[in-house]
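Remarks on the structure that follows.
The values are calculated or read from the model by the stated rules, or taken from the named source; none is laboratory data. Quick caveat, the model's predicted, so the values are computed rather than measured. Using ideal geometry, Cβ is built from the backbone for each residue, glycine included, and neighbour counts are taken over all protein chains shown. Ligands, DNA and RNA are stripped out before the accessible areas are found, and what is left, the full protein with its side chains, is counted by its heavy atoms. Shrake-Rupley method; radii C 1.70, N 1.55, O 1.52, S 1.80 Å.
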Amino acid sequence: MRRAIPAIAAAAVLLTACSGTAGTDPDAGEASPHPRPTWAFYRPPVPLPRRAPGTLIRSEPVAAPTGARGRRILYHSRGMEGQDIAVSGSVFVPAGRPPAGGWPVVAWAHGTTGLGDSCAPSTDPYPLGGIEDGSALLAAGYAIVSTDYEGLGTPGPHPYLVGPSEARSVLDAVRAAARLPGDGLGRSFVAFGHSQGGHAVLFTGEFAASYAPDLRLLGVAAAAPPIDLTALARHVTDLDYGTGRLVEVAAGHSAADPAARLDSIMTPVGRAGLKVLETGCDDDVIEAYAGLPARAVFTKDPRTTPPWSTGLVRDSVDALPRGVPLLILQGGRDPIIPAKLTKAAVHRMCGRGDVVAYRVYPRAYHNVVPSAAPDLNAWITARFHGAPPPNDCR
């Protein structure tokens, strides 16, 4: 049963796995709080033979809308040290025969779910349910490829809000999906993500040309994206659930840097809650630190203490050059990603010469996609049809 959490905390959760009776997870270090029948799927061969990024390890069917096909995939990618790792995800394909060149692909990047294995969206019995606007995208004739990200579902920690890790996971999922026999996916794609996923797809826009030149990225749509991580880390502790979110951010950078031992900058009270990072998901972490100010959890502030503070700067989006059209979607009432921070970031993007369509929905909160869906779908369609991208920087 899902635990009760404050309403504002619930609003922060884009997609969170439910708690429940403990299931058996072969990875003893990351026990699952909910019963799943397919944990063996997520465990790659040991040792994992080195293969090219995007090589399929295995796939299996999952539930999909009537007439569509769904698969869970496990594929090769690259970890923070360049090592071969396994990453999981999902693929959904429209009914019918693919067009010439294969189905156009929308690579979906999900928002914050947590850092434990069971927080991987593909573990859900109906994984399409967590893909925003998924049914409409399928109906429009797009295949959807969704990564879980490094360390969610599969062994190892999740480098939460670490841009290069997210980007590799997105790009290698598209590569792997193109190798599924009989599904007919093409190699042209648009990347679309919300919240953490907005951060992921913006980094995908930076890494695509150098990391995956075999793919053709046509555009990046980012809804409520975390862009300036340092500013957001300062902002988040003003929110009721902010200390738990700051713990997640610090843990994500610790996953990317072995020298960054999170427990070394935490109080005994802070360390007491760390286990929930592995055994629970986002709402569990928020609950574990509810009511605690940051000073009660940290002996040193990760926002000002290297290497966490330098990681926040490194994984901010502001410094990234990109060569693809951008669509930035923002809710005017978003309490998590403030509109003023996104507006300032877009101004800096325009100053660099980026091509940006910037859309603000004054009455929308963090979950801006329902309000933005007509604009989003039209923009995606225009990218696949080669129309000139709108540019609000002029």
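Kindly check whether there is at least one residue in region 131-140 that is modelled with pLDDT of 95 or more, open to solvent by less than 10 Å² (accessible area, probe 1.4 Å), touching an Asp or Glu at 6+ places or on another chain (Cβ under 6 Å) and not in a strand (DSSP E or B). Taking every residue of region 131-140 in turn, none turns out to be modelled with pLDDT of 95 or more, open to solvent by less than 10 Å² (accessible area, probe 1.4 Å), touching an Asp or Glu at 6+ places or on another chain (Cβ under 6 Å) and not in a strand (DSSP E or B). Filtering region 262-283 to residues that are open to solvent by less than 40 Å² (accessible area, probe 1.4 Å) and assigned to a helix (DSSP H, G or I) leaves Leu262, Ile265, Gly270, Val276, Leu277, Asp282, Asp283. Screening Ala176 with (1) closer than 15 Å to Ser88 by Cβ; (2) among the aliphatic types (A, V, I, L, M); (3) open to solvent by 10 Å² or more (accessible area, probe 1.4 Å) gives one miss only, at (3). Within region 69-82, the residues that satisfy the criterion of being of a type in the set (A, V, I, L, M) and either touching a Gly at 6+ places or on another chain (Cβ under 8 Å) or modelled with pLDDT of 95 or more (or both) are Ile73, Leu74. Do we have Pro306 as part of a loop (DSSP other than H, G, I, E, B) and more than 27 Å from Ile131 (Cα to Cα) here? Answer is yes for this residue. Of Ser77, Ser146, Ser88, all but one fail to be within 29 Å of Ala378 (Cβ to Cβ) and either acidic (Asp, Glu) or crowded, with 20+ Cβ neighbours inside 10 Å (or both); the exception is Ser146. In region 310-317 there is no residue matching the filter, namely being open to solvent by 50 Å² or more (accessible area, probe 1.4 Å), without any contact (Cβ under 8 Å) to a residue 24 or more places away in the chain, in a loop (DSSP other than H, G, I, E, B) and within 22 Å of Leu161 (Cβ to Cβ). Within region 325-358, the set of residues being buried (at least 20 other Cβ atoms within 10 Å of the Cβ) and in contact (Cβ under 8 Å) with a residue 60 or more places away in the chain comprises Pro325, Leu326, Leu327, Ile328, Leu329, Gln330, Gly331, Asp334, Ile336, Ile337, Thr342, Ala345.
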